[in-house]
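The values are calculated or read from the model by the stated rules, or taken from the named source; none is laboratory data. Because the structure is a prediction, the values reported are computed rather than measured. Heads up, the Cβs are rebuilt from the backbone with ideal geometry, glycines too, and the neighbour counts pull from every protein chain shown.
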Amino acid sequence: MPATQTKPAITIVEVGPRDGLQILKSILPTAYKTRWIAAAAAAGLREIEVCSFVPVAVVPGMADAADVVRFARTVPGLTTTALAPNAKGAQAAFAAGAHRVSMPISVSIAHNLANVRKTHEQSIDELRRAVDVRNGQPKSDNAEIEIGLSTAFGCSIAGAVPLADVLTLAEKCLAAGADRVTPADTIGIGNPVQVKRMYAALFKEFGTSKIGGSHFHDTRGQGIANALAALEAGVTSFDTSLAGLGGCPFAPGASGNVCTEDLVWILEEMGVTTGIDLAKLLACRDILRDGLPQEKLSGHLAEVGLARTQSGGRVAAAR
Ligand code: ZN
């Protein structure tokens, strides 16, 4: 039975239009972004992080954020998420119609100062203000705020990040009104043992409903391994990026988020239904190839092609 006819066991969240694009030198024109979002949704993606509401001077490629959110809201059944580093950005995101706003706060204080120029206390104040904005939304919108716990698995500035620090910041964010927290491997340094330990602790401390999902970067080629470790730990939502788009500001040339099509392929082979049509998903790469001719597209599945990947080893859908 095609995956599209089976109730998906997990959610793949395409974050390429935000995390993938924001680090690139090239700017993807708005028309390509909307084509990508529509094509990804048609391939079966049900949630897309479409942009970030950041100052245009900092990320010129996100100048069309409000237009992109407004477009995404016209796609039936699609949950539209946007990133905002502060309450002002969250207000703009909710005003444009975002279902969910993701706000990054780095567990490493040094990274938080470098990334958003705020202490933890100042970032939590921004969160409280964003919660006030959200509370002013019409109830029917069910708007949510999720905190991305950046550098949860390690920091490019401070080095190792203790699990206790992740739990402390998670508790503060939830107490300040965040709906959920998601540990993010911002620099792609985590490993599967650490991933299992992280989720076991977060689930035990706060319950599964307060933990948003997973966010891994593939900087050292360990993204799929970490995502599968998260799956085994009970995680049901996975941030990924088409063609592994993006990168790491601290590792020039490194690939970006876990590649969407590679993760979908292995999950489906394992009998974990995603609801995504792989052929249609792979075709979305053409939009990036046309719109970002200077950029390198990653991904193993695209290299071998879909026709030659049918190993016969696919596990019958059992979950
Ligand atoms: Zn990221």
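Some observations on this one:
- A single member of Glu121, Glu126, Glu146 is surrounded by 18 or more Cβ atoms within 10 Å (Cβ to Cβ) and farther than 20 Å from Phe206 by Cβ, and it is Glu126.
- With respect to the stated conditions, Gly247 is modelled with pLDDT under 95 and either touching a helix residue (DSSP H, G or I) at 6+ places or on another chain (Cβ under 9 Å) or of a type in the set (Val, Ile, Thr) (or both).
- Positions within region 235-245 being more than 13 Å from the ligand (Cβ to nearest atom), in a loop (DSSP other than H, G, I, E, B) and either of a type in the set (Lys, Arg) or crowded, with 20+ Cβ neighbours inside 10 Å (or both), in sequence order: Val235
- Hits in region 212-234 (condition: away from the ligand (no atom under 13 Å from the Cβ), surrounded by fewer than 23 Cβ atoms within 10 Å (Cβ to Cβ) and either within 13 Å of the chain's Cα centre (by Cα) or among the aliphatic types (A, V, I, L, M) (or both)): Ile224, Ala225, Leu228, Leu231, Ala233
Each row is one residue, and each column tells you yes or no for (1) more than 30 Å from Ala158 (Cα to Cα); (2) at pLDDT below 95; (3) of a type outside the set (A, V, I, L, M).
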residue: Ala63; (1), (2), (3): yes, no, no
residue: Val68; (1), (2), (3): yes, no, no
residue: Ala72; (1), (2), (3): yes, no, no
residue: Ala90; (1), (2), (3): no, no, no
residue: His99; (1), (2), (3): yes, no, yes
residue: Ser108; (1), (2), (3): no, no, yes
residue: Ala114; (1), (2), (3): no, yes, no
residue: Thr119; (1), (2), (3): no, no, yes
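- In region 256-270, the residues that are within 11 Å of Ile10 (Cβ to Cβ) form Cβ pairs under 6 Å with partners that are at pLDDT below 95 and away from the ligand (no atom under 16 Å from the Cβ), at six or more places apart or across chains, as follows: Glu268/Ala3; Met270/Val315.
- Some residue of region 11-20 being without any contact (Cβ under 8 Å) to a residue 60 or more places away in the chain, surrounded by fewer than 21 Cβ atoms within 10 Å (Cβ to Cβ) and not charged (D, E, K, R): no
- Within region 43-64, being in contact (Cβ under 8 Å) with a residue 40 or more places away in the chain and over 24 Å from Glu144 (Cα atoms) holds for Ala43, Gly61.
- Selection count where residues are within 16 Å of the ligand (Cβ to nearest atom) and either among the acidic types (Asp, Glu) or in contact with a helix residue (DSSP H, G or I) (Cβ under 6 Å, 6 or more places away or on another chain) (or both), scope region 158-177: 0
- Within region 165-211, considering residues that are β-branched (Val, Ile, Thr) and over 21 Å from Ser123 (Cα atoms), the one surrounded by the most Cβ atoms within 10 Å (Cβ to Cβ): Val195
- Conditions (1) outside any helix (DSSP H, G or I); (2) surrounded by fewer than 17 Cβ atoms within 10 Å (Cβ to Cβ); (3) within 16 Å of the ligand (Cβ to nearest atom); number of the one not met by Ala114: (1)
- Restricting attention to region 287-305, the residues that are among the small types (Gly, Ala, Ser) and part of a loop (DSSP other than H, G, I, E, B) total 3.
- Search result, residues across region 182-197 that are within 16 Å of the ligand (Cβ to nearest atom) and either touching a helix residue (DSSP H, G or I) at 6+ places or on another chain (Cβ under 9 Å) or not small (Gly, Ala, Ser) (or both): Thr182, Pro183, Asp185, Thr186, Ile187, Gly188, Ile189, Gly190, Val195
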